[in-house]
Amino acid sequence: MPSFRIKQVNQVILEVLNQVFREECDFPDAALVTILGVETSADLLYSKIVISVFPLMKSKDVLDYLNRNIYNLQQALNKKLNMRPVPKMKFELNQTEEKAARVEELLRQIKKTKSRKKK
């Protein structure tokens, strides 16, 4: 379980990155990007930024954009945070929606299969 300080760092990084995303990022094809959470390592060297993208088909484009511009995003974070070291960012897509859609599809297929067997 993260310490109180790590939780505070996670919250501050989330707020600052939300501001940076709003002010400085021009996401491809008007995709809606939401930061769902930040997970910072105990040594404060790395932060995993979990994002959600709508529509889902734009996820790869947005992740590519973020990874291409990670240096500029890291610099913006460095300027706005008054701490050292500032954790290095790594972006990760939230897979929850995709997994939920896959489970729903599998359940529909099972239901179809059962209805065919009854006939």
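Laboratory data are not the source of any read-out in this text; all were calculated from the coordinates shown. Keep in mind the model is a prediction, meaning the values are calculated, not measured.
Observations on the structure shown:
- Read-out Cα Rg over 2.2 N^0.38 Å, derived from the coordinates shown; its label in (1) 1.39; (2) 0.96; (3) 1.54: (1)
- Among the lysines of region 4-94, pairs that are 8 or more positions apart or on different chains and have alpha carbons within less than 23 Å of each other number 18.
- Of all complete DSSP H helices in the chain, those with a Cα span along the helix axis of 20 Å or greater and a mean Kyte-Doolittle hydropathy of -1.0 or more are 4-24.
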